[in-house]
Each structure stands twice: as structure tokens, then as C-alpha cells.
Amino acid sequence: MSDRQAETRQYDQMYLTGDTTYERPLTSPYYPLYRKVLELCAREGIRSVLEVGCGSGVLAEMLIAAGITYAGFDFSAVAVEKARQRNRGGRFSVADATDSGSYEVPYRGIICCEVLEHIEPDLETVRRWRPGAVCVCSVPNFDYPTHVRLFRSESEVRRRYAALLDIKRIDRVAKSASANLSWPNYFRRLRWARNEPTRLLGMLGINAFSWYGGWFVFVAQRR
């Protein structure tokens with residue numbers, strides 16, 4: 001079995017058994033990221049998108065509800081089937097981000113969140129995007145077993161992608177400190193953190209980007 005086949009099987013299994021983080025948008029730690037993507041699409045006037053790495057279609061659901069013409073793909077067939085079941089609109093397909101054929105659909109904008117940090121050939125992927133396309137992307141400031149890179153600053157993001165993308169702005173989006181927590185558990189953690197000033201400030205939403213982690217979300221145009 002190739003590394004790519006093993007990775008696909010790993011993600012298929014995740015979407016079969018452990019997709020709750022994505023399935024509940026309002027309590028997901030990714031919800032602030034999704035909201036920022038919607039905000040930036042509206043600000044940039046993006047009305048037609050191709051999402052690279054659509055997963056199980058949670059962000060797609062929000063984009064479609066906002067009236068955006070949507071197409072998306074993922075290398076996990078299980079994720080794509082869930083995305084189709086979740087969304088009555090949009091077009092979903094199984095495809096590889098590094099394959100030029102994956103981008104042969106009409107689109108004005110690219111959405112690429114929770115993807116580039118997972119693949120070694122991230123620059124090869126970006127190179128496949130249509131010149132002139134407006135892109136809304138995210139990369140993390142935190143490590144994870146499936147991450148092959150992370151970013152400590154905006155300047156690191158610019159250096160990584162400057163040859164391919166004209167980056168117009170970079171925003172910091174922190175994970176929600178209360179995501180996936182009931183209110184009793186949230187307040188319990190606040191009490192536990194009272195003697196750890198940095199942790200307490202993070203749970204109160206102060207400096208949460210550094211303490212809990214988050215994403216650099218950037219808007220760019222493909223050169």
C-alpha cells in the first residue's frame with residue numbers, strides 16, 4: 001500500500017467514526033474559522049468558489065446558504081459522500097489537490113482551509129490554481145500529528161507562498177476556548193485555570209491565539 005493510499009484510508013476511517021468535530025458547526029473549534037471565511041468571501045465579493053479539501057461539507061453548507069455558487073472536492077470518498085448528503089446544492093467530487101484535472105470546473109475563487117499544512121506538496125497544489133483567482137486560505141500556528149508544517153508569524157506565511165500568491169491581508173483567528181464544552185465544564189476549567197494566568201486569559205478570550213492555537217487566514221490572488 002502506498003503512502004497516499006494509507007493516508008486516504010486514514011481519513012476515510014476518521015470521517016466514518018470520528019467526524020463529530022466537523023458535524024456540529026456551532027460547537028466546533030473550527031467554527032470561528034468558517035465564519036471568517038464567509039466574512040472574507042463577502043468582503044471580496046466572491047460569488048463562485050471551488051473548495052480544495054471540502055471534507056464532509058460543513059463549510060460548504062455555510063457557503064451555499066450564503067448564496068455562493070459552490071463546487072468542492074476531497075480525496076476521501078467517505079467525506080465526499082457525507083458532503084453530498086449534507087448539501088442539496090453544490091457539486092462534490094473525489095479528486096486530488098495536486099492533480100490539474102481537479103480544477104477543470106468554473107470558479108472565480110478558491111477556498112483552501114485545513115489543507116495546506118497536511119500535504120508536503122503544498123506549493124505544487126497552489127501552482128495548480130487558476131491565475132487571477134481570488135483565494136481564501138488558512139494555515140495553522142499549532143502542531144498536530146497530521147501536520148507537516150506550521151507557521152509562527154504572518155511573515156512566515158508570506159515567505160512560503162509569495163512566489164505564487166499576491167497576499168493582500170492576513171487575519172489571526174483563534175480557536176474557541178469553549179468549543180465542545182458544556183457550560184458546567186467550561187466554568188470548571190475556568191476554576192482550574194485561576195492559578196495559571198496565561199491559561200485563564202486564553203479561556204477568557206484574551207491571547208487565545210497563542211494559548212489555544214488558531215489559524216492565519218489570508219486573502220490572496222493567484223499570480
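Summary table
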read-out: Only listed residue being touching an Asp or Glu at 6+ places or on another chain (Cβ under 8 Å), aliphatic (A, V, I, L, M) and under 20 Å from residue 10 (Cα atoms), chosen from 77, 71; value: 77
read-out: Output for region 88-102, where each listed residue is more than 15 Å from residue 55 (Cα to Cα), at pLDDT 95 or above and not hydroxyl-bearing (Ser, Thr, Tyr); value: 99, 101
read-out: Segments classed as strands (runs of 3 or more DSSP E), wholly inside region 39-147, with at least 1 members that are charged (D, E, K, R), in contact with a strand residue (DSSP E or B) (Cβ under 6 Å, 6 or more places away or on another chain) and without any contact (Cβ under 8 Å) to a residue 40 or more places away in the chain; value: 91-94
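The values are calculated or read from the model by the stated rules, or taken from the named source; none is laboratory data. None of these values were measured; they are calculated from a predicted model. Counting neighbours? That spans all protein chains shown, and the Cβs are built from the backbone with ideal geometry, glycine included.
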